[in-house]
Amino acid sequence: MSKKDTEIVEAGRRKAWTLGSVNPPVFHTSTVIFDSVAEMTAAGRKSHEIMSYGRRGTPTSFALCDALTTLSGAAGTVLYPSGLAAITTAMLAFAKAGTKVFIADSVYEPTRYFADHVLAKFGVEVIYYDPLIGAGISKMLDDRVSVVVLESPGSITMEIQDVPAIASAAHAVNATVILDNTWATPFYFDALAHGVDVSVQALTKYVVGHSDAMLGSATANARAIDTLRRQSGANGQCAGPDDVYLGLRGLRTLLVRLARHQESALTIAKWLQGQRRVAEVRHPALPGAPGHELWRRDFTGATGVFSFVLEEENEAAITAFVEGMRHFKLGFSWGGFESLVMFYRHLSRIRTATKWTAGPVIRLQVGLEDVDDLIADLADAFARYEAVIENH
Ligand SMILES: *Cc1c(COP(=O)(O)O)cnc(C)c1O
């Protein structure tokens, strides 16, 4: 097997799909025309490799699926029109009425909304667990559990989970293990090798990497792929050809970009540790961060998103901090080339298994700009913050 940097350049580039060019064409199609019944039947049987109908895939999507499957050491990949569609469809594929679905308390909030408002409606019992529970989860699990959902690090609060311990407890009761691996990507956390059955990516983030498309994927092992494919197909899930193309294009440069995101984010995280108004920096690569030892054990890198906790619960001061930044723009999402800032004042409202008692949280997505410019931008933000607090 080649090294990762080589694989990411070469994966998914079959001549049958690229027709000899470096990249596959973008197929805008619904209907495929066949010359014979035999040809039509053969295409239908291999619809994740041969075009049979637009919804079932084209050489553009086959190439991206094949690349993600290869790079994740998986059995197959299904694409979705967004990351949220990927995680929710994966949950729906394995949950059943009368069973329990366990979800990490630190999960992406829309995932939680889907569980509470859609899964629950179909008679699935939704239970949240402490993301840092580790092997202790086995005491909560029984043979009525169908799915265990993890996200590591958790959204906003950045807890790293003990994925192998939780996965083995889940497998002991025959549950399917689904991980949202968007932050680490398959390159900084090898999900399937750590016991995950279905690894979900909001490709919208680092893989697309340029804030210009919505796209999701679920990559599964041999145990889970058939169910995932059938159930996603039954839901009519597929992604638009231009977005799929942008995902494939972004993938080729992902490792180069991640290295820069990683380096700048770590520099900024360390700088933040020296700021007097910062109560805590939650970056998995920093000693003392929640789950840091697990990050060291299981991950091969850190990406560009992390958060920090401010000392003061002062709305006007936080607003002054995040408004008027020159480089860190205020916006949802992350993973593009540009830096972003977000703030969260009411985390306690989106937790049920654990309590969030620390102060307001600011999350940064550290982009590809010069790191000194980014630090200067943050220094000015702290000055604005300080000025509001001192005027009180
Ligand atoms: C953004 C995000 C998603 C959803 O992805 P979309 O493409 O925006 O639907 C899912 N999980 C995590 C962890 C995310 O950050």
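Nothing in this text is a laboratory measurement; each read-out follows from the coordinates by a stated rule. The structure presented is a predicted model; accordingly, all values stated were derived computationally and were not measured. Counting neighbours? That spans all protein chains shown, and the Cβs are built from the backbone with ideal geometry, glycine included.
Quick notes on this structure:
- Some residue of segment 151-163 being more than 11 Å from the ligand (Cβ to nearest atom), surrounded by 18 or more Cβ atoms within 10 Å (Cβ to Cβ) and either more than 16 Å from the chain's Cα centre (by Cα) or not in a loop (DSSP other than H, G, I, E, B) (or both): yes
- Pair list, Cβ < 8 Å and 6+ apart or interchain, from segment 313-326 residues that are aromatic (F, W, Y) to residues that are part of a helix (DSSP H, G or I): F321/A381; F321/F382; F321/R384; F321/Y385
- For segment 250-274, a residue qualifies if it is closer than 30 Å to V388 by Cβ, surrounded by 15 or more Cβ atoms within 10 Å (Cβ to Cβ) and of a type outside the set (S, T, Y), and the qualifying residues are A265, L266, I268, A269, W271, L272.
- Among residues that are over 17 Å from G247 (Cβ atoms), within 18 Å of the chain's Cα centre (by Cα) and not in a loop (DSSP other than H, G, I, E, B), A86 is not included.
- Filter result (within 16 Å of the ligand (Cβ to nearest atom), outside any loop (DSSP other than H, G, I, E, B) and hydroxyl-bearing (S, T, Y)) within segment 287-344: S307, Y344
- Selection status of V78, away from the ligand (no atom under 11 Å from the Cβ), closer than 20 Å to G247 by Cβ and surrounded by 16 or more Cβ atoms within 10 Å (Cβ to Cβ): yes
- Of the residues making up segment 21-54, those that are exposed (fewer than 15 other Cβ atoms within 10 Å of the Cβ) and part of a helix (DSSP H, G or I) number 8.
- Against the test of being in contact with a strand residue (DSSP E or B) (Cβ under 9 Å, 6 or more places away or on another chain) and among the charged types (D, E, K, R), the options D5, D105, D35 yield a single qualifying residue, D105.
- Filter pass, D143 being more than 16 Å from the ligand (Cβ to nearest atom) and out of contact with any strand residue (DSSP E or B) (no Cβ under 6 Å at 6 or more places or on another chain): yes
- A Cβ distance below 6 Å, combined with a sequence gap of six or more or placement on separate chains, defines the contacts here; from segment 110-133, residues that are free of Cβ contacts under 8 Å to residues at least 60 places away in the same chain and assigned to a strand (DSSP E or B) reach residues that are within 15 Å of the ligand (Cβ to nearest atom) and aliphatic (A, V, I, L, M) in the pairs V126/A115.
- Restricting segment 86-111 to residues that are within 13 Å of the ligand (Cβ to nearest atom) and out of contact with any helix residue (DSSP H, G or I) (no Cβ under 7 Å at 6 or more places or on another chain), the residue that is nearest to Q237 (Cα to Cα): A86
- Breaking point among (1) farther than 18 Å from R144 by Cα; (2) within 16 Å of the ligand (Cβ to nearest atom); (3) surrounded by 21 or more Cβ atoms within 10 Å (Cβ to Cβ), for S72: (2)
- For segment 171-188, the set of residues classified as surrounded by fewer than 24 Cβ atoms within 10 Å (Cβ to Cβ) and among the hydrophobic types (A, V, I, L, M, F, W, C) consists of A172, V173, F187, listed by residue number.
- Members of segment 328-352 found to be under 17 Å from E369 (Cα atoms) and of a type in the set (D, E, K, R), listed by number: K329, E338
- Scanning segment 112-125 for residues that are surrounded by fewer than 20 Cβ atoms within 10 Å (Cβ to Cβ) and away from the ligand (no atom under 13 Å from the Cβ) yields D116, H117, V118, A120, K121, F122, G123, E125.
- Taken over segment 168-186, the criterion of being more than 16 Å from the ligand (Cβ to nearest atom) and of a type outside the set (A, V, I, L, M) is satisfied by S168, H171, N174, T176.
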